[in-house]
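What follows is a single structure, written as structure tokens, with notes after it.
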Amino acid sequence: MIKRLRRKFVLIAAASVLAVELVVVGLINIINIGEVHKRQMQLMEILCENDGDFPDFGMWRENNFNNGPGGNRFLPPAMNGENKRFPDLGFKMNEETRYQTRYFSVRYNSELEPFAIDTGHVAAVTSDDALSYAEEVSQTGKTSGFLGNYRYEVRDTFYGKLYVFLDCREDIRTQRVFLLISAAISIGGWLLVCLLMIVCSRFAVRPFIENYEKQKMFITDAGHEIKTPLAIIQANTEVIEMISEPSEWTQSIKNQIGRLNGLIADLLRLSRMDEESVKLVFAEFDLSYAFDDIAGPFRTLAESKGLSLDIRTQEGIRMNGDESSVRQLVSILTENAVKYCDAGGSIEASLEKTSSGRHALIRVTNDCAEPPEQPERLFDRFYRADKSRKREDGETKSGYGIGLSVAKAVTESHKGKISCKAENGKIVFTVRLRCL
């Protein structure tokens, strides 16, 4: 139980940290890509507004000196008036911008014939290549986008059309490298945090371990202490029966002693299973035979109470598990169904394979006109659904005590699932176990 708690703590914390890191890394990369895209768009705007080339920096600086606090920010002539096509987002041009940027352009006349190709600012593209790129873009009908490593834009001019291509391969490479580096740092940091959480989880669950150890010690000590007076009471009862004839009073005492001994045994078993100290012996066995062998004898008990018990078993179901624990599981469910079924009601116990054939389903159903409001809580230890309703024998009608807690522990120890639901005036317990 402590190991499961630590695992759950580490997994939840690790998942939370991973989610935060994914969001942070994703946002950083989105912002980085956005900034690169914005810079590329501004470069394209400069090139398109200047007929496919950069303006002379000296003349530009002189013309834009009085443009406000941003001094050397580029504002093309077409952007200064009412037809401003692109907002001034802070791109700064300097003497090196022309030489740091790789681009080429193709000009077409009004008859769509190329008359000027400029490849003087890029080494990887020849005039024929540039013309080929322009023709490929014209066939798509798009006015902007990407073609390989080149961002392109098509503008209508007074002489025809202008095709401008901007080499973005370095930006693409930088984006990929930034993504890989940020992801690597994020994963490395996450693994380091996970390691720290694994180490620190010992200290985080220490208060729970201390409380649990005290609870376990109390259950163990109380169990042994209670056994002694129970043994004395049982011995004294037997002496009374030897001196005088057995009576309903002595028989009631012996019944209550048996119940208390069973309760103590269940408490100690639960305590050991929580600590995972119970050594279950897993082996292949015939689940169908075990189910019939355990559920069958309860017919007599059901008939003595005026109830009907219908048992349906699919033959040939085998599983790998601890046979004694599974038998106890079937016994607990069937006994509870018989014990808490409505007067004159019916009980159904069935075993069958699922449609996939990989799991066995154990269902135990009994009539219950007033089912508990929270049937899933019946697996809680000592849970009582309604303390006001009593049976004629003095037991709580809706209380399932500690037995179902043992059934749940047995199911979980076999990596199975157990559930309870109330439907159509019945209580239905379902156990799902992996079979062969």
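The values are calculated or read from the model by the stated rules, or taken from the named source; none is laboratory data. Not measured: the values here are computed from a predicted model. No Cβ is skipped: glycine too gets one built from the backbone with ideal geometry, and neighbour counts run over all protein chains shown.
Among the residues of the stretch 388-435, those identified as in a loop (DSSP other than H, G, I, E, B) and modelled with pLDDT of 90 or more are His414, Lys415, Gly416, Cys435.
Ala15 passes every criterion in (1) on the phi < 0 side of the Ramachandran plot; (2) at pLDDT below 90 apart from (2).
Would you check if there is a residue in the stretch 194-205 being within 29 Å of Glu35 (Cβ to Cβ) and not polar (S, T, N, Q)?
Just the residues of the stretch 194-205 that are within 29 Å of Glu35 (Cβ to Cβ), to begin with: none.
No, every residue in the stretch 194-205 fails to be within 29 Å of Glu35 (Cβ to Cβ) and not polar (S, T, N, Q).
Of the helices (runs of 4 or more DSSP H) contained entirely in the stretch 165-282, those carrying at least 1 residues that are touching a Ser or Thr at 6+ places or on another chain (Cβ under 9 Å) and among the aliphatic types (A, V, I, L, M) fall at 206-243, 248-274. Residue count for the stretch 1-42, restricted to those that are closer than 25 Å to Glu412 by Cβ, touching a residue at least 24 places away in the same chain (Cβ under 8 Å) and within 16 Å of the chain's Cα centre (by Cα): 4. The single condition among (1) in contact with a helix residue (DSSP H, G or I) (Cβ under 6 Å, 6 or more places away or on another chain); (2) farther than 30 Å from Lys279 by Cβ; (3) surrounded by fewer than 20 Cβ atoms within 10 Å (Cβ to Cβ) that Glu370 does not satisfy is (1). Applying the condition of being among the charged types (D, E, K, R) and surrounded by 16 or more Cβ atoms within 10 Å (Cβ to Cβ) to the stretch 295-338 and asking which residue is nearest to Val428 (Cα to Cα) yields Glu335.
Put simply, of Ser138, Ser127, Ser105 the only residue that is touching a residue at least 40 places away in the same chain (Cβ under 8 Å) and surrounded by 13 or more Cβ atoms within 10 Å (Cβ to Cβ) is Ser105. Which of the residues spanning the stretch 406-436 are more than 20 Å from Leu287 (Cβ to Cβ) and touching a helix residue (DSSP H, G or I) at 6+ places or on another chain (Cβ under 6 Å)? Passing the criteria: Cys420, Lys421, Ala422.
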